[in-house]
Amino acid sequence: MLGQKKPLVCQQIVELITDYLEGALPRSQRRRFEAHLADCEHCTEYLEQMRATIRLTGRLAREDLTPEMREEFTALYRRWREEGD
Amino acid sequence: MGLILAISAPYLYLRRSRPAEDEDGELVARVRAGEEQAFVLLVARHHASMLRLAGSFVSSDAVAEEVVQDTWMGVLRGIDGFAGRSSFKTWLLRILVNRARSTGVREHRSVAIGDAAPAVDRARFDASGAWMSPPQHWVEDSEDRLLAESLAGRIDATMKELPPRQREVVTLRDVDGLSGKEVCEVLEISEANQRVLLHRGRSHLRQALEDAVGS
């Protein structure tokens, strides 16, 4: 394909970033991706921001089971046990 | 039920230091042996993930809770059929998704992979595709405890605005820690679609964080 060897531009980098993080880029594309990063502080910053986004999202958690929910699930378990009897 | 920021981040890492599947496997064995307490522990481990996932298929929290309860009853009835070929969590969430879909509330919803908006507004690049309005620095700031708390709220709110499929993939991957493969299995989507949905969802979240820190 024509233009296959052309360097990637920033606008392409931001669209390829997930494939890059997922290890889904073909080797030649990955090389062009990394060659761009080596030269572009803004895209390097962008990549760090994506990593930070993933990190911050991973810190979201929900409250534990409430005592009422524990009771509900205990009751559910007992109903199941009775089914088997 | 709102999302909260885990107060002690190191706890998260500690919790992950032991393979989650081992703990699940052990609890499943104890449930099979008739241990009630093990069942409640197993529920507690997965409740948040399940509610979150169910919530993206049905219209209300109450229905989501019903789907979760219904799923656990199905799990108990089928627990001897769990062969351990996939992780317990994947098996569990597959059952949940089937139940959620069969409630039919959003069965007609599009299976399209969501909006085709670019990861970053086109106006921020010049004609050659280079940054004109580059990303502002905020990564170091986001580690500040107070800011991190407000950012968590922002992530929570943005997550709710994402198209359901993006929300499901980002939640399963980045909150619940499933692998891409497991997400494909749970949601019955291709790896390529999984990546597109993940990309769009994460890109939305990154932009929301940039907006929040910049404001």
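Each reported figure results from applying straightforward, stated rules to the coordinates on display, with no laboratory input. Note that the structure is a prediction, hence the values are computed from the model and not measured. When we count neighbours, we look across all protein chains shown, and the Cβ atoms used for this are built from the backbone with ideal geometry, even at glycine.
Here is how the numbers come out for the structure above:
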| read-out | value |
| --- | --- |
| GNM top mover of B:Trp131, B:Trp91, B:Trp72 - chain B, alpha-carbon springs below 10 Å | B:Trp131 |
| Neighbour cut-off at most 13 other Cβ (10 Å), DSSP loop, GluC sites (Glu not before Pro), chain A | A:Glu63 |
| Semi-axes of the equivalent ellipsoid for the range B:122-214, Cα gyration tensor, largest first, Å | 26, 19, 11 |
| Shielding score for B:172-181, defined as the mean number of other chain Cβ atoms within 10 Å | 2 |
| Rg/Rh (Cα only; Kirkwood hydrodynamic radius) as it applies to the range A:11-57 | 0.96 |
| Estimated [θ] at 222 nm from DSSP helical runs (n ≥ 4, -39500 (n - 2.57)) normalised by residues in the protein assembly as shown, nearest 500 | -21000 deg cm²/dmol |
| Whole-number D in µm² s⁻¹ for the protein assembly as shown, Kirkwood Cα-pair radius fed into Stokes-Einstein, 20 °C, 1.002 mPa s | 102 µm²/s |
| Theoretical FRET efficiency, 1/(1+(r/R0)^6), r = Cβ-Cβ of B:Ala117 and B:Leu146, R0 30 Å, to 0.05 | 0.45 |
| Residue among B:Asp156, B:Asp22, B:Asp144 with the largest mean-square fluctuation in a Gaussian network model of chain B, springs linking Cα atoms under 10 Å | B:Asp144 |
| Shielding score for B:41-51, defined as the mean number of other chain Cβ atoms within 10 Å | 3 |
| FRET E, pair B:Ala83, A:Ala75, Förster distance 25 Å, beta-carbon r, rounded to 0.05 | 0.30 |
| Cα radius of gyration and Dmax for chain A (Å) | 24.1, 71 |
| The range B:16-102: Cα Rg divided by the 2.2 N^0.38 Å rule of thumb | 1.06 |
